Amino acid sequence: MKAILFTLAIIICIVNAQPFIDGSLYQITCMASFNFLTIENEQTTNGANLIAYPLYTHPSQFFTLNFVDGKWATLVARHSGKALTTSANTVGAKITQEDLTGLANQQFRFLETKNGNTLIQNRASGLYLNCNSARRSEIDENHILVIQEARDCSWKQRFMFEEITWYPPSN
């Protein structure tokens, strides 16, 4: 019975693709913790971790969404110009920032849940971003690593996108 309810929850979880605006800047909230997707310690180097962290409105908490085709898009960190990237195509792999290549491991699609939140799926792995509070960074206990997992529609996999229109343009 439990397996049937879980399967039913997954089936009704996704409704359709979320309407996003190409080239727009977004702040993304993890609904499990109400923390914001952030490049750890404002790093600008390749390999810096994507974490969920409390709001402090630094450019490392803003991402530009650029469509590659009608369904898949890259998310580029405002402060570094680097794209969110899956470090491997396996369950539990970290999400990092890397130079933009446009490869499938840097492409994501956004699926709206019935309650208006969004699931973020990676094109290369088919897995979903997850703010897994059990996975903390070595730097600070407030740094929750963002990893990828199989879809379960839990709150750890639900995100809220807020388009940012007030942020000053890049230099």
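No lab work stands behind these numbers, since they all come straight from the coordinates. Everything numeric here is computed off the predicted structure, so don't read it as measured data. Cβ sites come from the backbone with ideal geometry, for glycine too, and all protein chains shown count toward neighbours.
Using the count of nearby Cβ atoms within 10 Å as a rough guide to exposure, how do Y56, Y26 rank from fewest to most? Kindly include the intermediate steps, with their values, before the conclusion.
Values: Y56 10, Y26 22.
Result, fewest neighbours first: Y56, Y26.
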Fill in: Inter-probe distance in nm under a simple model that places probes 7 Å from Cα toward Cβ, at E149 and A124
2.2
Discussion item. Cut-off is 10 Å between beta-carbons; in what order do M160, M31 appear when sorted fewest neighbours first?
Written reply: M160, M31
Worksheet item: Using 0.36 nm per residue, how much length does the chain from E162 to N142 gain when fully extended, once their Cα-Cα distance is taken away?
Response: 5.0 nm
Worksheet item: Which ³J(HN,Hα) values, rounded to whole Hz and listed in residue order, are derived for segment 54-70 from phi using the Karplus coefficients 6.51, -1.76 and 1.60 in 6.51 cos²θ - 1.76 cosθ + 1.60 with θ = phi - 60°, glycine and proline given as x?
Response: x, 5, 8, 6, 9, x, 6, 9, 10, 9, 8, 9, 10, 6, 8, 9, x
Discussion item. Can you compute the modelled spin-label distance between F67 and F20, with each label point 7 Å from Cα toward Cβ, in nm?
Written reply: 1.2
Response to the item:
Going fewest to most other Cβ atoms within 10 Å around each Cβ, E163, E42 line up as E163, E42
